[in-house]
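What follows is one structure encoded as structure tokens, with my remarks underneath.
The values are calculated or read from the model by the stated rules, or taken from the named source; none is laboratory data. It should be emphasised that the depicted structure is a prediction, and the values quoted were computed from it without experimental measurement. Backbone-built Cβ (ideal geometry, glycine too); neighbour counts: all protein chains shown. SASA here: full protein model, heavy atoms, side chains in, ligands and nucleic acids out. Shrake-Rupley method; radii C 1.70, N 1.55, O 1.52, S 1.80 Å.
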Amino acid sequence: MKKSFKEFRMTIVCAILFILCLILALYCGMNHQMRRLIIALVLSFIALMMLTTRFRMIFFDDGIMIYQWKIITMLPSFIDYKDIQSMEQLSKHKVLIHHHQDTIVYVFNSEAFIEAYKQVPYEDY
């Protein structure tokens, strides 16, 4: 079973970064600054790729890969199903996972996230 969900916070950050890079590219294009225009377009392309492909929380056969803040960066963490005691929905986008520590994850649809967790076959864990 491979079901994925986008991480809410980093998707918004990447969307804002993409819009800002496009505005910078438009400004540089209007002022005939071709080098800065090319750099701004490359940065906007990178932000678009991050927006569409990165920061997905994935349900694997043996655990969940989520993203957690570690000091100053967002890193992936893997949680085994056997370590999860419970999951509870705190709001429309916020889910609290009780395992070795309490972890809050942000997804676009927390109800579907919890529903995907409930569909995991428990007899293997």
| message | Placing +1 on the Cβ of each Lys and Arg and -1 on the Cβ of each Asp and Glu in the chain, which of Leu43, Gln85, Met65 has its Cα farthest towards the positive end of the resulting dipole? | response | Leu43
| query | Which angle between 0 and 90 degrees, to the nearest 10, do you get for helix 8-30 versus the longest principal axis of the chain when only C-alpha atoms count? | reply | 10
| field | Protein accessible area in the chain, 1.4 Å probe - carbon and sulfur % | value | 63
| message | Restricting to Cα pairs below 8 Å that are 6+ residues apart, what does the relative contact order work out to for region 72-125? Please round to a whole percent. | response | 26
| task | May I ask you to derive the relative contact order of region 1-120, considering only C-alpha pairs under 8 Å and at least 6 residues apart, and to give it as an integer percent? | result | 24
| Set of lysines with alpha-carbon distance to Lys70 below 22 Å, sequence-local pairs under 8 removed | Lys6, Lys94
| request: Starting from the Cα of Lys3, draw a straight line to each of the lysines and keep only those under 17 Å, dropping any in the same chain fewer than 8 residues away. | output: Lys118
| said: Once the cut-off is 17 Å, how many percent of the Cα-Cα pairs in the chain end up in the long-distance tail? | reply: 62
| request: Measure nothing fancy, just the Cα-based angle from helix 34-53's long axis to the longest principal axis of the chain, in degrees from 0 to 90, nearest 10. | output: 10
| note | Hull volume per residue for region 31-105, using the convex hull of the C-alpha atoms, in Å³ is 137
| note | Quotient of Cα radius of gyration and Kirkwood radius for region 1-55, i.e. Rg/Rh, equals 1.15
| field | Cα centre as origin, Lys/Arg/Asp/Glu Cβ charges: the chain dipole, Debye | value | 820
